[in-house]
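Just below is one structure, and these are the notes that go with it.
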Amino acid sequence: MTRSGFLGAVIVGGLVLVAILAPWLAPYPSHAGAFVDVDLAYHPPNADHLLGTDGVGRDLLSRLLFAYRTSFLLACVVLLLAVPIGVTTGLAAGYLGGWLETVILRTTDIFLAVPSLVLAMAILGLFDPSLTMAMVAVSFAWWPWYTRLVYNVTRSIRTEGYVEAAETAGAGPLRTMFGEILPNARGPILTKMTLDAGFVILMGAGLSFLGLGAEPPTPDLGTMVAAGTPLLPDVWWPTVFSSLGIVIAVLGFNLLGDGIRDLFGADESC
Amino acid sequence: MLNVAGLEVVIRRRGTTARVVRGLDLSVGAGQRVALVGESGSGKSMTARAIMGLLPPTASATGHVRFDGTDLFEAGWAGLRGSRMTMVFQDPMSALNPVFRVEDQLRAIARSRERSRLAALLESVAIRDPERVLRSYPFQLSGGMAQRVLLAAALVNEPELIVADEPATALDAEIQQLSLELLARRARDEGTAVLLITHHLGLVRAFAEQVYVMREGEIVERGPTRQILRAPSHEYTRSLLASVPRLSGAADG
Amino acid sequence: MAELLAVRDLGKRYGRVVALDGISLGIAEGESLAVVGQSGSGKTTLGRLVVGLERPTAGSIRYRDGELAHRSRTRAERKAIQLVPQDPLSTLNPSRTAGANVALPLVVHGLPRGRARLVELFDKVDLAERFVDRFPSELSGGQRQRVAIARALATGPRLIVLDEPTSALDVLVQARVVRLLERLRQDLGIAYLFITHDLALVNSVANRVAVLYRGRLVELGPTDSVLRKPQHPYTRRLLSNVAVVDEAEERLKPARPDDEAVDQEFA
């Protein structure tokens with residue numbers, strides 16, 4: 001793997017560990033919830049609170065660590081919903097063709113014509129905002145990208161010799177699609193999933209920034225940024241550190257995604 | 001025109017190194033048609049790439065490649081490659097950029113950019129309606145057309161040396177023959193030096209005056225084509241010769 | 001010899017493009033029929049129709065007593081007609097081992113697929129047991145084509161469609177694969193439909209030759225007479241383009257048709 005890809009893997013791996021171990025790593029685990037201590041409100045970074053405290057006196061570092069749990073939960077759920085739907089529809093459209101192809105592709109066109117964030121907001125507008133609804137809404141906006149990706153890969157693979165040999169041997173459509181074509185699409189799919197994990201985190205933060213995602217007191221990167229912005233520039237630390245938290249996560253996934261792409265690219269040329 | 005002396009190419013892969021070209025000497029004079037013959041893995045394509053300065057990043061070359069007296073390993077290929085020395089690749093479709101029209105691709109590399117000259121160039125490679133081809137995208141061309149456009153691209157700056165790496169091998173015997181004829185005409189009329197890289201001795205016979213037979217990175221036999229095909233002295237040349245399919249009966253390589 | 005496959009007035013159109021037009025030919029048990037033509041002649045389309053990857057738009061394909069042209073094939077028919085695809089780079093699924101590639105038809109048809117059976121199939125194509133666990137990227141072009149042949153043999157077929165099985169290989173490797181195919185045909189009595197652009201090759205691989213030109217059958221006959229006394233000008237032109245290695249062979253080639261005529265074909 002390339003050096004930058006390795007760096008990405010280290011960042012992502014580190015963040016995942018941090019999220020899992022948050023209850024043990026956080027200096028003040030109870031601050032992840034509805035803790036209030038007005039005497040501690042808006043303390044700048046100091047020895048007791050490395051990243052300072054927020055408006056109700058909660059330790060920002062502790063909340064940041066817990067916020068990654070929210071972010072990763074969001075990314076996992078969205079990808080677990082969007083990828084299987086996208087893969088199945090993409091394979092079906094690319095391999096079976098016919099009217100199914102037309103219906104699936106036109107449907108994705110409609111989705112892709114609207115920016116994902118706007119689409120997710122529109123969906124959320126119909127319901128009471130919550131983290132769960134945010135996950136569903138983002139997934140809803142996300143699957144067509146996988147349909148398109150898998151469709152394109154399928155179209156390029158379905159005339160390969162081994163696919164035709166499988167068909168000649170009598171393999172049915174399901175076996176050919178999932179057994180022969182899908183394994184050879186895993187490079188682009190994995191690459192996109194990694195890159196997307198970063199973007200989903202960003203979008204989730206965007207939604208909660210707008211008040212459409214995680215509700216207080218759940219620690220969330222977007223809500224933390226939102227809570228900090230009115231106090232700029234005097235109370236800078238809540239905004240800066242939670243934004244940095246987002247940047248690091250997105251950067252990590254992007255570097256890792258590029259690394260995975262290179263890895264699979266190199267594989268194919270051998 | 002081209003003089004290769006003591007060429008060594010080493011490839012590093014997964015921690016091991018392989019010497020794919022071992023002390024190769026070869027020369028092609030102006031107007032000469034020379035063939036380098038061997039199986040895949042013999043090092044013939046790496047030799048071509050080393051000459052053109054197009055080795056993959058995992059490979060490194062030592063020795064001397066002199067073009068018109070200049071040592072290219074010292075002086076580099078700037079100002080030479082693409083103009084005074086060019087290469088024709090194996091697969092015409094992948095060598096053309098699918099998103100640009102033929103005309104734009106030729107213009108991008110040509111020194112002279114007059115449309116009439118480009119059209120005349122396409123005519124010289126037996127393209128009958130050059131105007132239509134200039135307007136086309138690569139996917140609108142047949143394999144034979146694409147191969148000719150590629151030849152035209154290699155000829156557009158009137159190079160003094162052309163390296164042809166198995167032009168159109170897997171495609172079609174007729175396109176292959178045509179490519180070689182066009183290259184031979186160029187050598188005869190313009191004094192262009194041509195180095196053909198191939199595994200097929202039948203093509204060598206049809207094209208080259210001199211032949212080098214390469215195996216496992218080394219030249220095992222060299223000489224005038226007629227002599228080598230009539231009386232090959234090396235066992236490997238004999239087996240290559242025997243494996244060419246015969247019209248008169250089965251090959252027995 | 002009994003006729004194994006009979007094609008009558010076979011046609012295939014893609015929209016307004018006619019890929020095949022009125023092809024009639026037959027293949028006997030254990031016979032090898034070469035189908036020769038340039039790219040665009042329809043030879044690959046013919047192969048695809050015979051193995052059932054596509055359905056014809058006209059005519060019939062009879063295998064033994066069954067008419068295959070316009071219906072789904074039975075399991076027995078699928079087992080009987082197999083394919084070896086052209087490009088050694090894509091003929092095997094790169095994410096499976098060579099053994100798993102060969103096992104696929106066995107899995108599909110519920111046939112025994114233990115290691116012993118795979119080793120036996122690899123042995124038929126002269127590949128040692130260690131190749132079973134290799135990935136396609138670790139194999140040479142010739143080895144990949146051998147694995148593809150082993151896969152085609154797995155179901156015990158009666159007819160194999162070979163689509164340019166050697167055109168991307170070096171002459172030395174090609175000669176070895178051709179000899180292997182010939183030996184398998186004699187040992188197992190399988191018939192071949194051998195698709196190739198190289199007329200020089202047919203002598204080594206076929207009893208009879210069919211020459212296709214722009215979707216039509218222009219010449220069909222025993223290999224020897226087609227090569228020595230070609231009737232159609234197109235066959236003569238194909239022959240004139242064969243790259244040969246000695247004078248005796250050169251004398252077997254007919255005079256080349258003039259360049260004007262050749263050029264016209266490409267336009």
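May I ask you to verify whether C:VAL178 is part of a helix (DSSP H, G or I), closer than 23 Å to C:ASN101 by Cα and of a type in the set (Val, Ile, Thr)?
yes
Say whether the condition of being closer than 21 Å to C:GLY22 by Cα, polar (S, T, N, Q) and free of Cβ contacts under 8 Å to residues at least 24 places away in the same chain is met by at least one residue in region C:193-215.
No: region C:193-215 contains no residue that is closer than 21 Å to C:GLY22 by Cα, polar (S, T, N, Q) and free of Cβ contacts under 8 Å to residues at least 24 places away in the same chain.
Within region A:233-244, restricting attention to residues that are out of contact with any helix residue (DSSP H, G or I) (no Cβ under 6 Å at 6 or more places or on another chain) and free of Cβ contacts under 8 Å to residues at least 24 places away in the same chain, which residue is surrounded by the most Cβ atoms within 10 Å (Cβ to Cβ)?
So the residue we want is A:VAL240.
Any chance region C:159-170 includes a residue that's touching a His at 6+ places or on another chain (Cβ under 6 Å) and either surrounded by fewer than 24 Cβ atoms within 10 Å (Cβ to Cβ) or within 10 Å of another protein chain (Cβ to nearest Cβ) (or both)?
Within region C:159-170 (the criterion being touching a His at 6+ places or on another chain (Cβ under 6 Å) and either surrounded by fewer than 24 Cβ atoms within 10 Å (Cβ to Cβ) or within 10 Å of another protein chain (Cβ to nearest Cβ) (or both)), the answer is yes, since at least one residue qualifies.
So which of A:ALA47, A:ALA67, A:ALA34, A:ALA75 is over 30 Å from A:PHE253 (Cα atoms), of a type outside the set (Ser, Thr, Tyr) and within 28 Å of the chain's Cα centre (by Cα)?
A:ALA34 is the lone residue from the list that is over 30 Å from A:PHE253 (Cα atoms), of a type outside the set (Ser, Thr, Tyr) and within 28 Å of the chain's Cα centre (by Cα).
From the list C:GLY142, C:GLY30, exactly one residue is surrounded by fewer than 24 Cβ atoms within 10 Å (Cβ to Cβ), closer than 29 Å to C:GLN186 by Cβ, away from chain A (no Cβ under 11 Å) and in contact with a helix residue (DSSP H, G or I) (Cβ under 6 Å, 6 or more places away or on another chain). Which is it?
Going through C:GLY142, C:GLY30 in turn, just one is surrounded by fewer than 24 Cβ atoms within 10 Å (Cβ to Cβ), closer than 29 Å to C:GLN186 by Cβ, away from chain A (no Cβ under 11 Å) and in contact with a helix residue (DSSP H, G or I) (Cβ under 6 Å, 6 or more places away or on another chain): C:GLY142.
Find the strands (runs of 3 or more DSSP E) located wholly in region B:9-96 whose residues include 2 or more that are without any contact (Cβ under 8 Å) to a residue 40 or more places away in the chain, and list them.
The strands (runs of 3 or more DSSP E) meeting that bar are B:16-28.
Checking the structure you have, find out if any residue of region C:42-52 is within 14 Å of chain A (Cβ to nearest Cβ) and touching a Ser or Thr at 6+ places or on another chain (Cβ under 9 Å).
Looking through region C:42-52, at least one residue is within 14 Å of chain A (Cβ to nearest Cβ) and touching a Ser or Thr at 6+ places or on another chain (Cβ under 9 Å).
Six or more apart or on different chains, Cβ atoms under 6 Å: show the pairs whose first residue is in region C:46-72 and of a type in the set (Asp, Glu) and whose second is surrounded by fewer than 17 Cβ atoms within 10 Å (Cβ to Cβ).
C:GLU67/C:SER60
Determine the pairs where a residue that is free of Cβ contacts under 8 Å to residues at least 60 places away in the same chain, located within region A:1-23, has a partner that is surrounded by fewer than 18 Cβ atoms within 10 Å (Cβ to Cβ) with Cβ atoms under 7 Å apart, the partner being 6 or more residues away or on another chain.
Pairs found: A:VAL18/A:LEU25; A:PRO23/A:PRO29.
Got a sec? Which helices (runs of 4 or more DSSP H) wholly within region C:217-267 have at least 1 residues that are surrounded by 16 or more Cβ atoms within 10 Å (Cβ to Cβ) and at pLDDT 80 or above?
Output list reads C:223-228, C:233-240, C:247-252.
Could you name every one of the helices (runs of 4 or more DSSP H) located completely within region C:58-137 that has at least 2 residues being away from chain A (no Cβ under 14 Å)?
Ranges flagged: C:115-124.
Considering each of A:LEU207, A:LEU212 in turn, give the residue that is in a loop (DSSP other than H, G, I, E, B), more than 14 Å from chain C (Cβ to nearest Cβ) and farther than 20 Å from A:HIS49 by Cβ.
Answer to the check: A:LEU212.
Among the numbered conditions (1) at pLDDT 80 or above; (2) crowded, with 19+ Cβ neighbours inside 10 Å, tell me where A:VAL247 comes up short.
It is condition (2) that A:VAL247 fails.
Looking at A:PRO219, A:PRO188, can you tell me which residue is on the phi < 0 side of the Ramachandran plot, touching a helix residue (DSSP H, G or I) at 6+ places or on another chain (Cβ under 6 Å) and part of a loop (DSSP other than H, G, I, E, B)?
Matching residue, one of A:PRO219, A:PRO188: A:PRO219.
I'm told C:ALA210 meets every condition in (1) more than 14 Å from every other protein chain (Cβ to nearest Cβ); (2) surrounded by fewer than 23 Cβ atoms within 10 Å (Cβ to Cβ); (3) among the hydrophobic types (A, V, I, L, M, F, W, C) except one. Can you identify the failing condition by its number?
Result: C:ALA210 fails condition (2) only.
The values are calculated or read from the model by the stated rules, or taken from the named source; none is laboratory data. Just so we're clear, the structure is a prediction, and the values are computed from it rather than from any experiment. Reconstructed Cβ throughout: ideal geometry from the backbone, glycine too, with neighbour counts over all protein chains shown.
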